[in-house]
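The values are calculated or read from the model by the stated rules, or taken from the named source; none is laboratory data. In this text the structure is predicted, and so the values were computed from the model without any measurement. Cβ: placed from backbone, ideal geometry, glycine included. Neighbour counts: every protein chain shown.
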Amino acid sequence: MRWSGASVGNHVASPQPPLAIQQLGYTVFYAVWRRTRQVRTIRRSAPLLLLLALLVPTLFSQDSAQPPQSSADSDQDGLSDSLEQALLAQFAPVLMVARNDCSKLPALFAPDLKTPTVATEDGTIYGQVLPAKSSADGLPVAEIHYYHLWKSDCGPHGHPLDTEHVSVLVSASGSQPGSEAWKALYWYAGAHEDTVCDVSQIARASTLHAEDHGAKVWISQAKHASYLNETLCNAGCGADKCVDMIPLVPGKIVNLGEPAHPMNGSVFISSIEWPLMAKMSKTDFPPDPVARLNQLPETDIAWFNAGKHPTQGIIANSNATQQALAGSARNTTSALATASTNTDTALSLSADNTGNALQKTVKSTGHALGTSAKHVAEALHLRKKPTTPK
């Protein structure tokens, strides 16, 4: 195609392309110019881009190396929710339960209901973590309660809603609770608490070989009292027995929070139908029982309430204990000594006023503690009323 030019005198003007062609040329020129600028910019920025490529993965890896720390404190006790859950998991006890307990397993209760209502009997354990008085060296201390809540006490003199628990006192290894290792100091097992048959126990964590993890605890069949030693369970007060025991299949641990600030919908804490709030509101490691325990040998498990035991059947399990039962009017300190191999158990009673002690060692391979109504009666100086001859 030829473009015609206009003639001006003897000079012919340069031919001009059509307007559309001119606009297309400008567009192409601008695109090429802009692309050239972008390439130059990228080349100038290349060192900076390379530096960013090297630094960004490092920054992300440092962030991922730091465990997420939650500062939420739902129950407002000064311990974060994440720390409480970690402690509950670390020290969760191994509960030995009867294979065919008449109340099946510890129950899960429906949340957000003020009346305790069993949702299912699935082995759920409820927990509570509360700050305790700091140790002598100023390290953080916490008290952890584990509640196994049952649909009912289905043994003799039973009742609905059985509230039982085990506790542990733990201490941090340093001053920062959220980043330190924790170690158990003492364990407590509640058995018929606040009754004439109270045989609750307390022991050093080292005695139970449970300083870094949960202790093994035996739960009596039907009555659900907690024992730190299997022989104790079979020699317990009243109808307690531990027969055909199996470990409770680990279920979930639900944090109850605190009585004034329940967590996870646990508003049933305050129900008057059970003593759960009362148990949550007191320590299981007061000074007196701990001090008494510390005076005993390292192998001993001590009674939590020393003065009650001479009147109980546990003291009258064999001929050798009749003398101890006869001194039932005196306050006593008692302890069960357990060898590290768990092959023998000794029942030790020391009279408060005389300082005398009676020790009876029963080897598990040859003897079993059993109750004897005859021996109890003789020790209490009871005599059968003679019948009048006809």
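Side notes on the structure shown:
- Residue check, His157 at negative phi and either in contact with an Asp or Glu (Cβ under 8 Å, 6 or more places away or on another chain) or surrounded by fewer than 19 Cβ atoms within 10 Å (Cβ to Cβ) (or both): no
- As a summary of the residue check, Val94 satisfies the conditions (1) touching a Pro at 6+ places or on another chain (Cβ under 9 Å); (2) closer than 23 Å to His213 by Cα; (3) crowded, with 17+ Cβ neighbours inside 10 Å; (4) at pLDDT 95 or above except for the one numbered (3).
- Matching residues in the stretch 99-121 - criterion: being crowded, with 20+ Cβ neighbours inside 10 Å and of a type in the set (Gly, Ala, Ser): Ser103, Ala107
- Residue, farthest from Leu248 (Cα to Cα), within the stretch 123-145, restricted to residues that are under 19 Å from the mean Cα position of the chain (by Cα) and exposed (fewer than 14 other Cβ atoms within 10 Å of the Cβ): Lys133
- For the stretch 223-267, a tally of residues being of a type in the set (D, E, K, R), touching a helix residue (DSSP H, G or I) at 6+ places or on another chain (Cβ under 8 Å) and touching a residue at least 40 places away in the same chain (Cβ under 8 Å) returns 2.
- Single unsatisfied condition, Val249 versus (1) touching a Lys or Arg at 6+ places or on another chain (Cβ under 8 Å); (2) under 19 Å from Asp122 (Cβ atoms); (3) part of a loop (DSSP other than H, G, I, E, B); (4) of a type in the set (A, V, I, L, M, F, W, C): (1)
- Total residues in the stretch 252-291, condition in a loop (DSSP other than H, G, I, E, B), of a type in the set (S, T, N, Q) and within 21 Å of the chain's Cα centre (by Cα): 4
- Candidates Ser220, Ser173, filtered to the one that is in contact (Cβ under 8 Å) with a residue 12 or more places away in the chain, assigned by TED's automatic domain parsing to the domain that holds Pro106, surrounded by fewer than 20 Cβ atoms within 10 Å (Cβ to Cβ) and of a type in the set (S, T, N, Q): Ser173
- Residue within the stretch 163-176 that is more than 21 Å from the chain's Cα centre (by Cα) and either at pLDDT 95 or above or hydrophobic (A, V, I, L, M, F, W, C) (or both) present: no
- Boolean, Ile301 is exposed (fewer than 13 other Cβ atoms within 10 Å of the Cβ), at pLDDT 95 or above and not charged (D, E, K, R): no
- If you go through the stretch 292-309 and keep only what is in a helix (DSSP H, G or I), more than 18 Å from Val168 (Cβ to Cβ) and out of contact with any helix residue (DSSP H, G or I) (no Cβ under 6 Å at 6 or more places or on another chain), you end up with Arg292, Ala306, Gly307, Lys308.
- Subset of the stretch 70-91 that is in contact with a helix residue (DSSP H, G or I) (Cβ under 7 Å, 6 or more places away or on another chain) and either over 18 Å from Ser167 (Cα atoms) or among the basic types (Lys, Arg) (or both) - its residue that is surrounded by the most Cβ atoms within 10 Å (Cβ to Cβ): Ser80
- Any hit, the stretch 255-268, residues being of a type in the set (Val, Ile, Thr) and closer than 19 Å to Val166 by Cα: no
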